[in-house]
Amino acid sequence: MQILLLMFLAVRVSIPQATPVRIADASCEHCHQQIYRSYLHTPMANASGSAEGRLIPDTFDHKNSGMEYTLGNSGGIPTLAYRNLHNADMSGKLRLSYSLGSGHLGVTWLYSLNGYLFESPVAWYAATRSYDMKPGLENAREMPPSLPMQSNCLRCHMSAVQPSDSGTINRYSGLPFLHTGITCESCHGDTAEHVQSNGKAAVVNPVRLQPALRDSICISCHLEGDVTVERAGNSVLDYRPGQPISKFLAFYVYAKNNLTARGVSEVEQLSQSMCKRMSGDRMSCMSCHDPHFTPSPRQRVAFYRAKCLACHSDTGFDKSHHPENPDCTSCHMPHKNAQNIPHVAWTDHRILRRPDSMTGERGTDAKRELVPVFSPESTKRDLGMAYYLALLEGNSGAAPEALALLLSQKSEIANDKAALDALGILSLERGDYSTAESCFRRALSIDASDLTALSDMGTLLAKQGNLTESIAMLKQAFERNRDVAGLAMNLARVECMTGNVSEVRDTLQSALIYNSTAKDLLQMMDHSAECRASGGKAVVQ
């Protein structure tokens, strides 16, 4: 009852809201009225917004987990209600704060509890015009744990994204982002002087930049690769138009992977097209796309045909080349299913000369070799981190490569917190506790609030029998991340080893506020009284 009451209270609390694009960019309208007004209707301007703006009231039953999700307005407040169809006690209601997605492919929602920002487990898909689970959650057997929304995941849908609080994954003391949608400054840089000088001071004009800097603006959001690595000493949140994105991110793909099997690969696909290879730097995303304007369905065919004819101007293309079908893209840029995103089709940007050419595509490489793309400054450290991240995403075969690469760079990464954490975890999994401990302690000397080092070092100390220091580290991590169920369970296990039932229950109760239907947490709570009876012989996992 206490958990549900807290959930209900969270629904009623008024949450400060980020400003929408139409307000954030209002100062641009005075001189750029037509561009401003047309831009407001583009997917970029509508990449996010208020929750109620795109909310479609409906109920969705997820058969695998036995959960029912209802999205709607409760007393004028956008909410997501959930309940277990087999257990009435597992139910609650969340106040939705923002929508994420333009609606072109789909929409999901964000909600906040006590400063922690989360993503809804369900999404609305345009192709089916219905709700379903988010990608990766289709086969869940219970309601998923709360889904933390990290700042790096927000940056391509919101503007002026802020870093999360130190030592946290998804807690924000203030607004997590200042504006919904993609503002003018996201592509044109700081416009303060430009506005104050009535246009005399210049802003970044992407078409006038050197090709690598011009393309970086699009690549920053429209290239994901199979693995994306944040480069040492740089936060992608600091990227600004006019800078090379390769300073902040390194992109990797599997050497023989399918180019149409995942979403957000338009830039990579385009680089393989004959159009781009023949045109070179003269061609960019903006050769075909106007960032300020999206043609209506009625305008679309003529708009993109004109883009094709701007280059393919040979006699005959305009009138005699398939006059029965003026839609060039229907044959040369067909929709391909993105396997990692259900219910959507992704436009094939390889611009095939013949519809049936390259149909075999590149198969999956048995060795799963990662190679950099659009990353001229990538390093051995970046490649090691790429294999480590691939491991976290499910490629178990990436562990040996990650470990070998990072071990060979041990002295070079002595001040690299992210790489130290990665090497520490890899060493811990291997049973090399000495290397793991040295990595975690070095990372903590760089950042005493480092969540990964605190939580994994705390677990390692418990395995070694040092319960006092273990609890101190795990508590320090949990104090900042009370929403992380796995961290709560590890802390509770160590507390259980000391026989302190009240602390175990307090820890689990805190985590259940954010994961009220998590069976593992609930079962541990039900058996918490056994800690004292077991003589402190609980096992840390």
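Quick look at the values:
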read-out: Some residue of the stretch 33-46 being without any contact (Cβ under 8 Å) to a residue 12 or more places away in the chain and surrounded by 15 or more Cβ atoms within 10 Å (Cβ to Cβ); value: yes
read-out: Per-region count, the stretch 452-466, residues open to solvent by 30 Å² or more (accessible area, probe 1.4 Å) and either touching a residue at least 40 places away in the same chain (Cβ under 8 Å) or over 13 Å from ILE425 (Cα atoms) (or both); value: 4
read-out: Filter pass, ALA448 being hydrophobic (A, V, I, L, M, F, W, C), farther than 30 Å from TYR82 by Cα, open to solvent by less than 50 Å² (accessible area, probe 1.4 Å) and over 24 Å from the mean Cα position of the chain (by Cα); value: no
read-out: Failed item, numbered, when GLY225 is tested on (1) open to solvent by 30 Å² or more (accessible area, probe 1.4 Å); (2) within 16 Å of the chain's Cα centre (by Cα); (3) not charged (D, E, K, R); value: (1)
read-out: Flag for GLY242 being in contact (Cβ under 8 Å) with a residue 40 or more places away in the chain, under 29 Å from GLU393 (Cβ atoms) and assigned to a loop (DSSP other than H, G, I, E, B); value: no
read-out: Residue count for the stretch 78-99, restricted to those that are open to solvent by less than 20 Å² (accessible area, probe 1.4 Å) and among the aliphatic types (A, V, I, L, M); value: 3
read-out: Residues of the stretch 307-325 classified as under 23 Å from GLU266 (Cβ atoms) and open to solvent by 60 Å² or more (accessible area, probe 1.4 Å), total; value: 4
read-out: Condition check for GLY242: closer than 21 Å to SER375 by Cα and either modelled with pLDDT under 95 or of a type in the set (Phe, Trp, Tyr) (or both); value: no
read-out: Output for the stretch 114-129, where each listed residue is under 14 Å from ASN170 (Cβ atoms) and either outside any strand (DSSP E or B) or open to solvent by 10 Å² or more (accessible area, probe 1.4 Å) (or both); value: ASN114, GLY115, GLU119
read-out: Flag if ARG141 is open to solvent by 40 Å² or more (accessible area, probe 1.4 Å), basic (Lys, Arg) and either outside any loop (DSSP other than H, G, I, E, B) or in contact with a Gly (Cβ under 8 Å, 6 or more places away or on another chain) (or both); value: no
read-out: Of all residues in the stretch 1-19 being open to solvent by 40 Å² or more (accessible area, probe 1.4 Å) and within 17 Å of THR183 (Cβ to Cβ), the one that is modelled with the lowest pLDDT; value: GLN17
read-out: Those residues of the stretch 401-445 which are in contact (Cβ under 8 Å) with a residue 40 or more places away in the chain, outside any helix (DSSP H, G or I) and either under 24 Å from the mean Cα position of the chain (by Cα) or farther than 20 Å from GLY233 by Cβ (or both), in sequence order; value: ASP416
read-out: Qualifying residue in the stretch 279-294 (condition: over 27 Å from GLY181 (Cβ atoms), open to solvent by 50 Å² or more (accessible area, probe 1.4 Å) and not β-branched (Val, Ile, Thr)); value: yes
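The values are calculated or read from the model by the stated rules, or taken from the named source; none is laboratory data. Computed from a prediction, not measured in an experiment: that's the story for all the values here. Methodologically, a virtual Cβ is constructed for each residue, glycine included, from the backbone with ideal geometry; neighbour enumeration extends over all protein chains shown. Please note that ligands, DNA and RNA were not included when accessible areas were found on the heavy atoms of the full protein model with its side chains. Shrake-Rupley method; radii C 1.70, N 1.55, O 1.52, S 1.80 Å.
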